[in-house]
Amino acid sequence: MLCLAIFLEELHSSFSIFAFPASDFSSQILQRTSIMTDWTECMNYGIHIAREAREAILHAFRIKKAVMLKSSPADLVTETDQRVEKMLISAIHEKYPLHKFIGEESVAAGEQLILTDSPTWIIDPIDGTTNFVHRFPFVAISIAFTVKKQTEFGIVYSCVEDRLYSAQRGRGAFCNDIPITTSGQEDITKSLLVTEIGSERDELALSIMTSNLHRLLEIPIHGIRAVGTAAVDMCLIATGGADAYYHIGMHCWDIAASALIVCEAGGVVIDTNGSEFDMMARRVIAASSSSVAHRISQVIRAFPCQRDDELHAPPPKKSTIDHTTDSNKVHKTGSGQRRL
Ligand SMILES: O=P(O)(O)O[C@H]1[C@H](O)[C@@H](O)[C@H](O)[C@H](O)[C@@H]1O
Ligand SMILES: [Mg+2]
Ligand SMILES: [Mg+2]
């Protein structure tokens, strides 16, 4: 099966895109080898395993947790985050052995973050870990699926609320299978905004985050909320429950799925500098309309963040003669974990 799949993959690389009806058997093969352009079966499998992962998260939600730190005293991770991610990745790998993964906790444990043209699952096993630790009832599983670096579907499961948000590119956005659309609000003075105060605690980030709040509130706008999970924040824009979300410092796994859900709900997703959205840039504005999105980008400022695909990039190819000594090697600001 696998050698046929690899053969088909080779065949596919010499053609553009196959788009032909296929029987079950060949569609199974084609899905596994990224030839099919209809990813419904993959999405349905993603939803199936997200439902299984939710059970594990809800069970752990109620009990005391062992908490570890990553990049700052406010960047938490638990064994449940790690266990759920391993469960999701192994279940997907078993069904789609040729697919690739970018997982928040795998990257935190040192895996390289490389987004290629291959079918890739971008996974945040628990978005809202701080909420999870404190039993604040907004925790989500976020699963995005990209092919040739384009998001084909996104799944965000708000576990305690039991709200499963999903979208397949070009086919609309849904919450528990009911279609959702943004508010369409075009006037920022009539808007309710959502944002996050992330895990940064350095002076520059804190002063820019607080000055952004001040600058937006004095426009004026109706208000600002923070749910504690970027994925759910953005799904609230997709439902029209809020009109815009902005954030600097989050990661691709936080927002890759919900960015597609917002767009499929009729919303707009851009970079905070007003340019095209780039999931690796760690800056986003998701809004009900382009006018609100661009008004926000004129008001807020971003603090510097290293891109995801630079922060966790593979080490540069070694030159034949390695002049650096151990003491001079620059160690990446990885996210080593230590128990509280
Ligand atoms: O670490 P998880 O997966 O909980 O993701 C959250 C980030 O940790 C926050 O910094 C960030 O502000 C967002 O809340 C994001 O959802
Ligand atoms: Mg997250
Ligand atoms: Mg997480």
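The values are calculated or read from the model by the stated rules, or taken from the named source; none is laboratory data. Owing to the predicted nature of the structure, the values given are computational and were not obtained by experimental measurement. Counting neighbours? That spans all protein chains shown, and the Cβs are built from the backbone with ideal geometry, glycine included. Surface areas here come from the heavy atoms of the whole protein model, side chains and all, with no ligands, DNA or RNA. Shrake-Rupley method; radii C 1.70, N 1.55, O 1.52, S 1.80 Å.
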When region 144-160 is examined, which residues are found to be open to solvent by 10 Å² or more (accessible area, probe 1.4 Å), away from ligand 3 (no atom under 16 Å from the Cβ) and in contact (Cβ under 8 Å) with a residue 60 or more places away in the chain?
VAL147, THR151, GLU152
Considering every residue within region 53-71, establish whether at least one is of a type outside the set (Lys, Arg), open to solvent by 20 Å² or more (accessible area, probe 1.4 Å), in contact with a Gly (Cβ under 9 Å, 6 or more places away or on another chain) and outside the structural domain of LEU260 (by TED's automatic domain parsing).
yes
Restricting the search to region 83-111, which residues are within 18 Å of the chain's Cα centre (by Cα) and farther than 23 Å from GLY128 by Cα?
HIS99, LYS100
Over region 76-115, the set of residues in contact (Cβ under 8 Å) with a residue 60 or more places away in the chain, among the charged types (D, E, K, R) and open to solvent by less than 30 Å² (accessible area, probe 1.4 Å) is GLU104
Could you please tell me which pairs satisfy a Cβ distance under 8 Å, a separation of 6+ or placement on different chains, a first residue in region 124-138 that is outside any helix (DSSP H, G or I), and a second residue that is at pLDDT below 95 and more than 12 Å from ligand 2 (Cβ to nearest atom)?
ARG135/ARG62
Taking the criterion of being closer than 28 Å to HIS99 by Cβ, under 12 Å from the mean Cα position of the chain (by Cα) and within 16 Å of ligand 2 (Cβ to nearest atom), would at least one residue in region 130-141 satisfy it?
yes
Quick one: in region 213-255, which of the residues that are open to solvent by 40 Å² or more (accessible area, probe 1.4 Å) and small (Gly, Ala, Ser) is farthest from the chain's Cα centre (by Cα)?
GLY241
How about region 210-227: which of its residues are within 10 Å of ligand 1 (Cβ to nearest atom) and within 14 Å of ILE248 (Cα to Cα)?
ALA226
Determine if region 124-134 includes at least one residue that is more than 26 Å from ASP308 (Cα to Cα) and assigned by TED's automatic domain parsing to the domain that holds SER297.
no
Looking only at region 122-143, decide whether some residue is away from ligand 3 (no atom under 16 Å from the Cβ) and closer than 15 Å to ILE92 by Cβ.
no
For region 80-110, name all the residues that are away from ligand 2 (no atom under 15 Å from the Cβ) and farther than 18 Å from PHE145 by Cβ.
ARG83, LYS86, ALA109, GLY110
Unique match (being in contact (Cβ under 8 Å) with a residue 12 or more places away in the chain, of a type in the set (A, V, I, L, M, F, W, C) and surrounded by fewer than 20 Cβ atoms within 10 Å (Cβ to Cβ)) among LEU206, LEU192:
LEU192
Which ones in region 40-78 are among the acidic types (Asp, Glu) and either in contact with a Phe, Trp or Tyr (Cβ under 9 Å, 6 or more places away or on another chain) or closer than 14 Å to GLY128 by Cα (or both)?
ASP75
Tally, over region 240-262, of residues that are under 16 Å from ILE180 (Cα atoms), away from ligand 3 (no atom under 14 Å from the Cβ) and in contact with a strand residue (DSSP E or B) (Cβ under 6 Å, 6 or more places away or on another chain)
7
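Residue-by-condition table, conditions (1) within 16 Å of ligand 2 (Cβ to nearest atom); (2) touching a Leu at 6+ places or on another chain (Cβ under 8 Å); (3) in the same structural domain as ARG282 (by TED's automatic domain parsing):
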residue	(1), (2), (3)
CYS175	no, yes, no
LEU204	no, no, yes
SER207	no, no, yes
ASN212	no, no, yes
LEU216	no, yes, yes
PRO220	no, no, yes
GLY223	no, yes, yes
THR229	yes, no, yes
